[in-house]
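The values are calculated or read from the model by the stated rules, or taken from the named source; none is laboratory data. Every value quoted in this text rests on a predicted model; they were computed, and no experiment measured them. Ideal geometry is used to build each Cβ from the backbone, glycine not excepted, and the neighbour counts take in all protein chains shown. Accessible surface is based on the protein model in full, side chains and every heavy atom, while ligands, DNA and RNA are left aside. Shrake-Rupley method; radii C 1.70, N 1.55, O 1.52, S 1.80 Å.
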Amino acid sequence: MAERETWTTRVGFIFAAVGSAVGLGNIWSFPFQTGQNGGAAFLLVYLAVVFVIGFPAMLMEFVIGRRSKQNPISAFRELGFENWSFAGTLGVLGSAVTLAFYSVIGGWVLSYIVGSATGTYFGNVAGFFGTVSAGPLAVGTHALFMGLTVAIVAFGIQGGIERATKVMVPAILVLLLGLAAWGFTLEGATAGYEYYLSPDFGYLADNLTSIVPSAVGQAFFTLSLGFSVMIAYASYLGSDDSLPADGSAIVVINTLVALLAGFVVFPVLLSIGVEPGSGGVGTAFVSLAGAFAQIPGGELLGVGFFIVLLLAALSSAISLLETPVSYVVDNYDYDRKVVATVLGGTIFAAGIPTALSTATLGWYNDIVFNLLLPLVVLLFALFVGWVAFDESVDELAQGSSLGTGFTALWLWWVRLVIPAAIGLTLVLGVQDLALKAQLIESAVVLG
Ligand code: TRP
């Protein structure tokens, strides 16, 4: 058998992982979750969760991937615990469910590229979002986005996209930085920063039970955890790489992109008179469009920005489709093109309801954030912490200079802190879902 490929450079791995991590989660979901959960109060909890839970959880997937050098499902068998393969399977399913609605939002980005070029939204940013986000047009752009994703995965040309991320991530950072600087000059800037950065502790205390599950879900989603992407990527790593060093680089870059998006979105929202909590799934799109509508040369800037966002979304979407496709190709020996097309088509169909109603999209989103993601990460934590812990600790130490104190701390963190935090999240998250369902029911009765 041929020797398994490895990343040619350490930077290659970091870029691929960043390409998967940086996406709609940073630009679309982060401002939306922040707006829905009271601004700075959410930001505070979110940042804590990213570093205290997200980072050590990423190391769990790295360890499973690099130790086994296998795809996420065979990984558990390779490590000698075949009955844990269901955790990998659940992750693969989760990535399919996520892609179903992720592709719809990718379709919105396509509409915004055209809308920027023609200036269509310049007079009516909220109306434009309504037109492109749900209905026949949204189904069409969802098909187009999924078609692009399938084509890339079918031909196995992810390498090209991954090379593009080397340009894409710096480009996103520069564009966001420029937009944030412009946002600073706006009349609503002060109110925007206040909302984004100055936590209302009373609000935080009152709403902790809904803020925590949203923050945990958002952290896992944006870091591409749970759906085995990081297991797959780490399986190509050489053993002289330091997992904690690579992981922290990925976490920091990804967090920076999201933070900057907030510095654009909130000043703009408060300047155009949109209450940040009222934007829902349209929060980021409406405010970015609002910015381009005001900036001189906004057409060109808008086209540039949304093209970069499209690349970011595509590089995440291909990692979501690649997981199920490579699973089927590896295990059943079907043709890659056929598998990518059939799976892509099925996932497209599953996403159609979310292209017809933003409320349905919100449900898919909540189910992934509050339920699927925490559940899979919890299983990974139990596996790494209590089942394959000898191998895991040994693997984490390989190539790292942090010493046994760090690995021991990490092990106990994975054993106790992460499961406790996720357990709490799951209870609260399910409660939150039930509450929302109830609210809808009573609204139906009243309305
Ligand atoms: N992290 C991506 C984003 O923020 C989305 C994503 C890609 C993802 N691959 C994933 C989320 C795997 C969870 C698991 O846009």
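A few comments on the model shown:
- Residue among Phe184, Phe220 that alone is of a type in the set (A, V, I, L, M, F, W, C) and buried (at least 16 other Cβ atoms within 10 Å of the Cβ): Phe220
- Only helices (runs of 4 or more DSSP H) whose full extent lies in the range 16-135 are considered here, and the ones with at least 2 residues that are under 19 Å from the mean Cα position of the chain (by Cα) are 30-36, 40-49, 55-68, 85-118.
- Residue in the range 379-395 that is within 21 Å of Pro324 (Cα to Cα) and open to solvent by less than 50 Å² (accessible area, probe 1.4 Å) present: yes
- Identity of the residue in the range 306-330, away from the ligand (no atom under 16 Å from the Cβ) and in contact (Cβ under 8 Å) with a residue 60 or more places away in the chain, that ends up farthest from Tyr233 (Cα to Cα): Ile307
- Residue under evaluation Leu225, criteria (1) buried (at least 24 other Cβ atoms within 10 Å of the Cβ); (2) of a type outside the set (Lys, Arg); (3) closer than 30 Å to Gly123 by Cβ; (4) within 16 Å of the ligand (Cβ to nearest atom), criterion not met: (3)
- Count of the range 1-52 residues which are open to solvent by less than 30 Å² (accessible area, probe 1.4 Å), more than 19 Å from Phe285 (Cβ to Cβ) and within 16 Å of the ligand (Cβ to nearest atom): 11
- Neighbours by Cβ (under 7 Å, 6+ apart or cross-chain): first from the range 92-106, farther than 8 Å from Gly351 by Cα and open to solvent by 10 Å² or more (accessible area, probe 1.4 Å); second near the ligand (Cβ under 9 Å from one of its atoms) and not in a helix (DSSP H, G or I): Val92/Ser228
- Scan of the range 234-269 for residues that are part of a helix (DSSP H, G or I) and open to solvent by 30 Å² or more (accessible area, probe 1.4 Å), ordered by number: Ala245, Ser248, Ala249, Val252, Ile253, Leu256, Leu259, Phe263
- Between Ala245, Ala205, the distinction of being in contact (Cβ under 8 Å) with a residue 12 or more places away in the chain and more than 10 Å from the ligand (Cβ to nearest atom) belongs to Ala245 only.
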